[in-house]
1. Using 0.36 nm per residue of separation minus the Cα-Cα distance, give me the extension gain between Leu302 and Ala14 in nm, one decimal.
2. Got a sec to turn the phi values of region 156-165 into Karplus ³J(HN,Hα) couplings, 6.51 cos²θ - 1.76 cosθ + 1.60 with θ = phi - 60°, whole Hz, x for Gly and Pro?
3. Which order do Leu189, Leu183 fall in if you start with the one that has the fewest other Cβ atoms within 10 Å?
4. With a point put 7 Å past each Cα toward its Cβ, work out how far Leu50 is from Met109 in nm, to one decimal.
5. Just the ratio, please: alpha-carbon radius of gyration of region 84-126 over 2.2 N^0.38 Å, N its number of residues.
6. Pairing the Cα long axis of helix 220-245 with the longest principal axis of the chain, what angle in degrees results, from 0 to 90 and rounded to the nearest 10?
7. Return the calculated 222 nm mean residue ellipticity for the chain, to the nearest 500 deg cm²/dmol, obtained by summing -39500 (n - 2.57) across DSSP H runs with n ≥ 4 and dividing by the residue count.
8. Would you list Tyr263, Tyr218 from fewest to most Cβ contacts within 10 Å?
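Values in this text are rule-based calculations from the coordinates and carry no lab data. Predicted model only: the values in this text are computed from it and were never measured. Don't worry about glycine lacking a Cβ; one is built from the backbone with ideal geometry, like all the others, and counts go over all protein chains shown.
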Amino acid sequence: MRTVFIYLVFPGLAATAAAGMMASWIERKLTARLQWRVGPPWYQPFADLLKLLSKETVFPRGCARGLFVAAPLVGLASAALVASMIGAAGLDPGRGFVGDLIVLVYLMMLPSIALIAGGAASRNTLASVGVSREMKLMMAYEAPMILAILVPVIKAGVTISTGGIVAYQRLHGPFAASPSGALAFAAALLCAQAKLGLPPFDIAEAETEINAGPLVEYSGPLLAAFRLTRMMLLVALPCLLLTLFAGGVRFYGWGAARSVLGYAAILLLMTLIKNTNPRLRIDQALRFFWFPVTAAAAAAVLLALAGR
C-alpha cells in the first residue's frame, strides 16, 4: 500500500503533476517579467489542462491509432515513475535498489521516444520533420548526459544506486562543490534543457516554423497528456540534478528549505537560458552537444577519476 501511495500520490503522479503545473506557471511568469509583461495568473496551467481534457480528440486520417494513443500515455507514465524514484530516494535513501540509476536513465529517455513515436504515428509531414529533429537531438545530448551522470557514480565509490549517491553526499558533502561535480552539473543542466525542449533547443517543435512538429496533429486529452508530461519533467529533471549533485531532495526541516532554494535556482537558470538565447538550428545544436558539452562532461569524468 505504501508503494502504491508513493507512485500514485506522493511524491508520484498526483504531487508531481500539481508541482509541475505550479513550476510551469512560475517559469511563464518569470519569462513574462523578463519581457516586461504581466504574465498569466497562477491557475492558468490548471485551466489550460482542464480545457484540453474537455476537448474532443481528433484522429488524423491514416494515422496508426494504437501508437498515436499509447505514445502520450507512455510518456506520462515514465515521467511519473522518474519523479517517484527520485522522491523515494530523497525520503529514504535505503529504499532504492542496486542499479536503479540505470533504470532512471532509461525512463528519462521514454518521454522523448514517446514524442517521436506519436509524431511518426500521425503521418503528418510537419510532424515528420519534428520527429527527425528530435531523434537527432536525442543522439546528441544523451551521450554527455550519461557522462555527466557517471561523475557522481565514480565519486560515490562506483555505486549505481541513487540512494547510495544521496547517502554518500549527506555524509561527505555535495558533489557540486568539487571541480568535477560542478563541470558535470553544468553539462547535465544543458542536457536537461534540451530534454525539456526549452529554447534554444526547442528545435523539434519550433512553433513558428513547423507548427509544433510532432504535436501538430494532437488535440484534447492526448495533447493534455503530452503537456502534463512536460510540466512533470520540469520538476523531475531539476530534482534529479539535486539528487546527483546536491545531496538529494528533502521534504522536511531545514533540508526541505535548501531543496526548494536549490530547485528555484535551477529553474531560474533554465528560464534565463530560455530567454537569452535564440533557437539553434539542428546542425548547430548537434555540434554544440557533440563537441563542447561532451568534452566538458568527459573532462569531468577524468577529474572524478583523479579524485578532484
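1. Answer, rounded to one decimal: 99.7 nm.
2. Values per residue, Gly and Pro as x: 8, x, 6, 10, 10, 9, 4, x, x, 5 Hz.
3. Working: Leu189 18, Leu183 23.
Lowest to highest Cβ neighbour count: Leu189, Leu183.
4. Spacing of the two 7 Å Cα→Cβ label points: 3.9 nm.
5. Region 84-126 yields a ratio of 1.70.
6. Once rounded, one gets 10 degrees.
7. Details: 13 runs with 222 residues, N = 308.
After summing the helix terms and dividing by the residues of the chain, the value is -24000 deg cm²/dmol.
8. Tyr263, Tyr218
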